[in-house]
Amino acid sequence: MRFGVVQFPGSCDERDAVLACERVGEARLVWHEEADLGGVDAVVIPGGFSYGDYLRAGAIARFAPVMDAVHDFARAGGPVLGICNGFQVLCEAAMLPGALLANDGLRFVCRQVEIEVASTATAATAGCTIGERLSVPVKHMSGRWFAPPGLLAELEAEGRVVFRYAPGQNPNGSVGDVAGVANEHGNVVGLMPHPEHAVDPLCGSADGLRLFESLLRSAAPAPA
Amino acid sequence: MAMKARVLIRPKQGILDPQGKAVERALPALGFAGVSHVRVGRMVELEAEDGADLEGLCEKLLANPLVEDYEIETVPGTSSEGASATDPSSARIRPGVPGSEAG
């Protein structure tokens with residue numbers, strides 16, 4: 001199992017993402033100018049401030065050469081996980097529904113939160129259980145996920161709301177307490193919280209590993 | 001021939017604009033009464049060849065149509081060559097630091 005972790009200028013969580021992937025498999029960085037993913041089995045788009053977050057977070061990264069390869073990989077059913085800025089990039093690239101807006105409190109939030117798994121029909125939650133609570137940190141300025149009411153209802157009906165902040169813990173004002181969503185096939189998942197920062201009890205929680213273990217399970221060929 | 005254009009981008013109606021709210025809340029403390037419905041957007045100035053697809057540019061990059069509205073104002077006949085030195089209106093347009101959108 002080989003993970004590719006995409007690195008843009010301004011990414012800053014790619015090292016932790018690689019270390020998290022290495023808990024369950026092999027991982028390598030994929031530079032944003034690479035047009036070929038080199039045969040990886042899963043892609044992680046990490047957090048940070050790609051291209052300085054100019055214009056809107058993720059708006060410019062979506063035009064990076066590597067994103068064509070990520071599109072093709074996702075279209076072929078490959079698992080893709082976008083974390084924080086990676087989630088913003090995937091929304092801007094229309095690979096995930098909705099948009100990420102400035103936090104309602106206008107402050108950068110950096111704290112541990114609990115999220116609940118709302119769907120297990122995705123590459124990043126295949127090994128989780130519905131309602132399972134995960135303790136993971138958030139650290140973002142523009143994490144208020146938004147979708148018009150009709151779209152949100154549609155996503156909920158289709159089981160594409162993947163994570164919700166636990167009651168009372170929504171750090172940014174996202175609609176429906178949504179913390180993460182999936183594409184229609186469930187192979188592309190994005191979330192604002194950082195599972196890659198929660199893979200060792202030394203850091204307060206190892207709950208984030210559940211997502212990487214799920215990716216491993218989703219990418220692995222079905223047992224004969 | 002090139003023309004100048006301004007693109008105004010603002011949050012769609014009904015979408016919470018915390019920046020606008022913060023500005024609005026700050027005004028009374030500074031003695032500015034009677035100001036309401038403050039919304040903060042951004043403006044992009046650019047020069048484009050005639051026939052450039054400015055709308056496409058807005059849809060694809062400058063605005064996120066899901067959450068933002070945009071308006072394009074063009075100033076036809078404003079050639080980029082030579083005009084900036086003499087035209088007082090274009091002289092006001094200075095290159096500067098782009099608005100920093102914290103993310």
For the range B:7-20, what are the residues that are surrounded by 10 or more Cβ atoms within 10 Å (Cβ to Cβ) and in contact with an Asp or Glu (Cβ under 9 Å, 6 or more places away or on another chain)?
B:Val7, B:Leu8, B:Ile9, B:Arg10, B:Pro11, B:Lys12, B:Ile15, B:Leu16, B:Pro18
Name the one entry in A:Val162, A:Val181, A:Val80, A:Val136 that is buried (at least 22 other Cβ atoms within 10 Å of the Cβ), away from chain B (no Cβ under 12 Å) and more than 25 Å from A:Arg62 (Cα to Cα).
A:Val136
Of the residues that sit in the range A:85-101 and are within 16 Å of A:Tyr54 (Cβ to Cβ) and in a helix (DSSP H, G or I), which one is most open to solvent (accessible area, probe 1.4 Å)?
A:Glu92
Taking B:Val75 and the conditions (1) open to solvent by 50 Å² or more (accessible area, probe 1.4 Å); (2) of a type outside the set (Lys, Arg); (3) closer than 27 Å to A:Tyr51 by Cα; (4) at pLDDT below 95, which numbered condition does it fall short on, given that it satisfies the others?
(3)
If you check every pair at least six apart or on different chains, which have Cβ atoms under 9 Å apart with a residue in the range A:66-77 that is on the phi > 0 side of the Ramachandran plot and free of Cβ contacts under 8 Å to residues at least 40 places away in the same chain first and a residue that is surrounded by 13 or more Cβ atoms within 10 Å (Cβ to Cβ) and in a helix (DSSP H, G or I) second?
none
Would you confirm whether any residue within the range A:164-181 is within 19 Å of A:Gly48 (Cβ to Cβ), free of Cβ contacts under 8 Å to residues at least 24 places away in the same chain and of a type outside the set (S, T, N, Q)?
no
Of all residues being in contact with a helix residue (DSSP H, G or I) (Cβ under 6 Å, 6 or more places away or on another chain), assigned to a loop (DSSP other than H, G, I, E, B) and hydrophobic (A, V, I, L, M, F, W, C) in the range B:26-44, which is surrounded by the fewest Cβ atoms within 10 Å (Cβ to Cβ)? Just the residue, please.
B:Val35
Within the set of pairs 6+ apart or on separate chains, which have a first residue in the range A:30-55 that is on the phi > 0 side of the Ramachandran plot, a second that is in a helix (DSSP H, G or I) and open to solvent by 40 Å² or more (accessible area, probe 1.4 Å), and C-beta atoms under 9 Å apart?
A:Leu55/B:Leu61
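Residues are listed down the side, and each one gets a yes or a no for (1) at pLDDT 90 or above; (2) away from chain A (no Cβ under 14 Å); (3) open to solvent by less than 30 Å² (accessible area, probe 1.4 Å):
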| residue | (1), (2), (3) |
| --- | --- |
| B:Ala5 | yes, yes, yes |
| B:Leu61 | yes, no, no |
| B:Asp69 | yes, no, no |
| B:Pro88 | no, yes, no |
| B:Ala91 | no, yes, no |
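The values are calculated or read from the model by the stated rules, or taken from the named source; none is laboratory data. Keep in mind that this is a model prediction, so the values were computed, not measured. In this analysis, Cβ positions are derived from the backbone assuming ideal geometry, glycine residues included, and neighbour counts consider all displayed protein chains. Heads up: the accessible areas ignore ligands, DNA and RNA and are worked out on the full protein's heavy atoms, side chains in. Shrake-Rupley method; radii C 1.70, N 1.55, O 1.52, S 1.80 Å.
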